[in-house]
1. What percent antiparallel are the DSSP beta bridges of the chain, to the nearest 5?
2. Among residues other than LYS253 whose Cβ falls under 9 Å from its Cβ, what is the net charge (Lys/Arg +1, Asp/Glu -1)?
3. Relative contact order (percent) for region 190-309, with alpha-carbon contacts under 8 angstrom and 6 or more residues of separation?
4. Calculate, in nm to one decimal, what ASP362 and TYR478 gain on full extension: separation in residues at 0.36 nm each, minus their alpha carbon distance.
5. Highest first, please rank the peptides 106-116, 233-243 by the mean number of other Cβ atoms sitting within 10 Å of their residues.
6. Could you work out the helix-only [θ] at 222 nm for the chain, with each DSSP H run of four or more residues adding -39,500 (n - 2.57) and the total divided by the number of residues, to the nearest 500 deg cm²/dmol?
7. Please work out how much length the chain gains when fully extended from GLU54 to LYS24, using 0.36 nm per residue of separation minus the C-alpha to C-alpha distance, in nm with one decimal.
8. Let me have the relative contact order for the chain, percent, based on Cα pairs under 8 Å that are six or more residues apart.
Amino acid sequence: MTDIEIIKGIIEQKKDVFIDASDKIYNFAELAYEEVQSADLLCKILEDEGFKVERGLADIPTCFMGTFGSGKPIMGILGEFDALPALSQEGGNPVHTPVCEGGPGHGCGHCLLGAGALAAAVAVKEYLTQTGSEGTVFYYGCPAEEGAGSKQFMARAGLFDDCDFCYTWHPATTNDVSADSGTAIMGANFEFNGVAAHAGGSPWLGRSALDAAELMSVGCNYLREHILDGQRIHYAYSDVGGTFPNVVQAYAKVKYEVRARTVKEMKALFSRVVKVARGAAEMTETQMNYEITMAFSDYSSNSVLAKVASDCLKELGAPEWDDEDYKLAKQFLRSYDKMQQEGIRTSIAEELGDDDLDDLLDKPLHSGVIEYDKTKGRFMGGSSDVGDVGYATPTAEIHVATACLGNIGHTWQMAGQAGSRIGHKGMLRAAEAIALSCVRTMEQPEVMKAARAEYIKKSGGKYECPLPDYVQPPIGKY
Ligand SMILES: [Zn+2]
């Protein structure tokens, strides 16, 4: 049997298990660091499949690893399974219908991500077993991608040190392995402590922490003119002190996140934001403290592995969509409001050209595979802790369509499709693509060598965590 026959055979044979796992995780809809049932379910399936499972890794209760096989190479597959707040939606329903009003939902499709990656690990196991090859597959159970992350803590704990290469995937609107890059990010809480006083009777005896927080916003908004293109500064007030204007607010807390193309640039930008915060405290005669809460490294796929994955995905082809899938995708697409639909039209035209735009909008599921082109990487504003894995071992990420063309991430529509026949089909194809990529990489020592050489050039061969050592996983605090 060929490698494809082995992989497709086992995934077809066990597809109900994987679809059921994804749907259960969809319904658990557990938030970052709280993925107890989701992690438990994935661990149990791995154990049933003969994997050795270790739980509670990297000081995160829902972080785990499944291991199968022996010897080299060691192939890693990353799985995520956390949900997002307020995106509850009935699976497969193109009309906004929360299962639990205001509750969490899988608006980034991580139910599919975790279960699909598990299916890939099972398929690699099957290949190792059937061919009697030496090699080990690691399934990395990675919580909290949508929160403060886990992979940087896993990398810091050395969990990728023995891994020769890693593949992962993300639910998407197109089938491709892209050369796009994501930003490094650092988040921190800034606290200001002042002195309370009667705002009418004795304001001169008060020192306002809220004023300090507001002056920090003003300072950062002026700073924006003098930062590099592509850098970002975001903030949200998490505590404004109180709700009575007649009290000088003695306490305020504001959360900042800064993004830049590299960890080095990101750290430099962060230190400028700290200077602004110090200035705001100085101006208001308040005290300022800050605490770094999260950081991810910048992301781009290893180009050697990306080419392997792209060729595998091309050989497998897009998920096999039928009329019912197209009909459902169109209903989801039409559920967006007019302004968003205009934006979606533009983004599809930019990505796939506007020659067949009306046909594409009529059957809005990607039915091709966009080939990897190292020279066509775009800079994306988002961040992921997959970036840290890329600094710990050669890593590539595959995209497979699990939603209609142009679909917007982190929406109830993304969730609804993750719980639908469209999501299931995309997940199974992604599992095949990851497993085939692992096997093809493993069978070509020169490819592994080239991927490693590129990795060493990028990272110096040693992972450096962007977080200070004192920052622990913020379980229950993020
Ligand atoms: Zn995601």
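What follows draws every value from the coordinates through simple rules; no lab data is involved. Remember, it's a predicted structure, so these values are computed and weren't measured experimentally. Note that we place each Cβ from the backbone using ideal geometry, even for glycine, and neighbour counts take in every protein chain shown.
1. On the way: 43 of 62 bridges.
About 70 percent, rounded to the nearest 5.
2. Around LYS253, the surrounding residues sum to -1.
3. For region 190-309, the relative contact order is 35 percent.
4. Computed gain between ASP362 and TYR478 is 37.6 nm.
5. So the order, starting with the most tightly packed, is 106-116, 233-243.
6. -13500 deg cm²/dmol
7. Numbers: separation 30, 0.36 × 30 = 10.80 nm, distance 2.16 nm.
That pair, GLU54 and LYS24, stretches by 8.6 nm at full extension.
8. Computed value for the chain: 24 percent relative contact order.
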